[in-house]
Structure formats: structure tokens, C-alpha cells
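> The structure's right below; bear with me while I get my questions together.
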Amino acid sequence: MNKKRKIIIVENLLHVYKEKVETVALPGINFDVEEGEKILITGKSGVGKTTLLHCLAGILRPTAGRIIVNGNNIIEKDQDQLADYRRDTVGLIYQSFNLAPFLNIKENIEFPMIIAGKAKDFREKRIIELTDELEISRYLNSVPDKLSGGEQQRVAIAVALANQPEIILADEPTGNIDVDTSKTVYNMLTEMCDKYKTTLLIATHDPDAINYVDKEINLPKLGGINL
Ligand SMILES: Nc1ncnc2c1ncn2[C@@H]1O[C@H](COP(=O)(O)OP(=O)(O)OP(=O)(O)O)[C@@H](O)[C@H]1O
Ligand SMILES: [Mg+2]
């Protein structure tokens, strides 16, 4: 049987936010993801979906547990290694698009590639390829403000994919757009991930999202409990 490689293994992942009250955001969860798989992360508000994505992105160091990505536990990485991991391995997509308002669309997509030290030829080719596929080429010289929500989210997909990450993490990617536009965004996002063999994790409340993924992970209600 042709068994696929596990790209992510999450073991006993626990996160407790230690503010005025201590909140258990992730109660010790376990799951794994195969290379190229599309995963939906669901669960009630406050159950820890965003916290999980931030842990997987290397933005938040969890309280305990292991996150093995490509065979390495990212929780053991130092700050420099984590910065490399964030730049090279993961791409993030948010509800609020997170584009730089004073850069045009071309510059927004080019920026992560400049940071990663990609050559100008590569950058130019990649911008043309991504904007063609996402049907946003006509906006290259516009600033994000001039685009609709759905168009801005397609730019955000291009930004996330620019450095050819192995994993895309999307947090409520259709939270700010209407139902029809959401379908376009899901279709384009999942087609791009298929094309580049990118593993995709989407956290959302949107019931339509299940139609675009291989597997659902429903987080346990234990997340979000104040101690
Ligand atoms: N920075 C923080 N400091 C303290 N507590 C936090 C912080 N961020 C989140 N929490 C708490 O951790 C729990 C999990 O939050 P999280 O944002 O991960 O949930 P979520 O599943 O993404 O919710 P939603 O569906 O509303 O986006 C909640 O109880 C939340 O109040
Ligand atoms: Mg959230």
C-alpha cells in the first residue's frame, strides 16, 4: 500500500495562557497529518483553534507536548531556528487578510521572497505564476484597499504561497467575505495546495469548509477552561 509520509505529528499538546486567570487553551491533544492532506479544524469558539495554529506556526511556544514537523520537534527549536521555520516551512492566512496597506499587490507578494533571499528572476516568475492562477494579475499595481475582500484574500493566498511552504495554516480565511466569494476562495486555495502538494490546515466555523477537505479534527470542549 502506498502510505504517505506524516508531515505533522502532534502529541499531548497542552497550552495554558497565564494571565490574571490561567486558561487551558489546549488540553493535551493528539493528531497527525499526512503530506498533502487538507485538514479542517473545528470546535466551539474558545476551544483553542487559533492557539493550535499559532503553535504549529512557531509563533507561540506551547506549555507542554510535542509538535513534530518533518521529523523535528519544533518546540525544541531556538529563536533563530524558529524564524527559519516560519519563513521556509509555513504560510499563514488570516481572516483580516493582513496585507501591507502601503505596498501594492506585487510588492506584497514579493516581500516574503525578498526576506527569504530569493533572486529577482525567481521572484518575478513566481509573482506572474501565482497572480495568473489566482486571477489577480490586473491588480499588481493597486494597493490592497482598492480590492474587494475576496480579491484581497486571493492576494493573501499568493503571499502565503510565495516561498513554496510545505504547510499552509488558514485561520477563518472566509470570516470577512460573503458565501459565494468564500466558495471561490476555498476552491482556489485547495486547487493551489493540490498543485504545489502543500499540506493545508483550515480553522473555521464555516460549515461549507468541510466540502473542500480530506479530514476534520474537532477540538475537545475542554479547551478554553479557566483554572
Ligand atoms: N493571548 C491570550 N491570553 C489569554 N488567554 C487567551 C489568549 N488567547 C486566547 N486565550 C484564551 O484561550 C482560549 C482559546 O482561544 P482561541 O483563540 O485559541 O480559541 P478559538 O477556538 O480560536 O476561538 P474562536 O472560534 O472564537 O476564534 C479561549 O478561552 C481564549 O479566551
Ligand atoms: Mg480563533
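> Pull out all pairs, ordered by first then second residue, where Cβ-Cβ is under 9 Å, the residues are six or more apart or on different chains, the first lies in the range 97-118 and is in a loop (DSSP other than H, G, I, E, B), and the second is small (Gly, Ala, Ser).
Within 9 Å, the pairs are Phe97/Gly149; Phe97/Ala156; Asn98/Ala156; Leu99/Ala156; Asn104/Ser142; Ala116/Ala162; Lys118/Ala162.
> Also, quick follow-up: Quick test for you: out of Ile67, Ile75, Ile59, pick the one residue that is within 26 Å of Val16 (Cα to Cα) and open to solvent by 80 Å² or more (accessible area, probe 1.4 Å).
Every option except Ile59 fails the conditions.
> Within the range 101-118, take every residue that is more than 23 Å from Leu82 (Cα to Cα) and among the aliphatic types (A, V, I, L, M) and give me the one that is surrounded by the fewest Cβ atoms within 10 Å (Cβ to Cβ).
The selected residue is Leu103.
> Does any residue of the range 29-44 turn out to be farther than 26 Å from Tyr186 by Cα, within 16 Å of ligand 2 (Cβ to nearest atom) and either of a type in the set (Val, Ile, Thr) or not in a loop (DSSP other than H, G, I, E, B) (or both)?
The answer is yes, given that some residue of the range 29-44 is farther than 26 Å from Tyr186 by Cα, within 16 Å of ligand 2 (Cβ to nearest atom) and either of a type in the set (Val, Ile, Thr) or not in a loop (DSSP other than H, G, I, E, B) (or both).
> Right, another one. For residues that are crowded, with 19+ Cβ neighbours inside 10 Å, away from ligand 2 (no atom under 16 Å from the Cβ) and assigned to a loop (DSSP other than H, G, I, E, B), scanning just the range 164-195, find the one that is modelled with the highest pLDDT.
So, considering only residues that are crowded, with 19+ Cβ neighbours inside 10 Å, away from ligand 2 (no atom under 16 Å from the Cβ) and assigned to a loop (DSSP other than H, G, I, E, B), the one modelled with the highest pLDDT is Pro165.
> Restrict the check to the range 106-116 and report whether at least one residue is closer than 26 Å to Gly150 by Cα and in contact with an Asp or Glu (Cβ under 7 Å, 6 or more places away or on another chain).
Within the range 106-116, none of the residues are closer than 26 Å to Gly150 by Cα and in contact with an Asp or Glu (Cβ under 7 Å, 6 or more places away or on another chain).
The values are calculated or read from the model by the stated rules, or taken from the named source; none is laboratory data. Bear in mind that the values here come from a model prediction, so they are computed numbers and not experimental data. All Cβ positions, glycine included, derive from the backbone under ideal geometry; neighbour counts span all protein chains shown. Ligands, DNA and RNA are stripped out before the accessible areas are found, and what is left, the full protein with its side chains, is counted by its heavy atoms. Shrake-Rupley method; radii C 1.70, N 1.55, O 1.52, S 1.80 Å.
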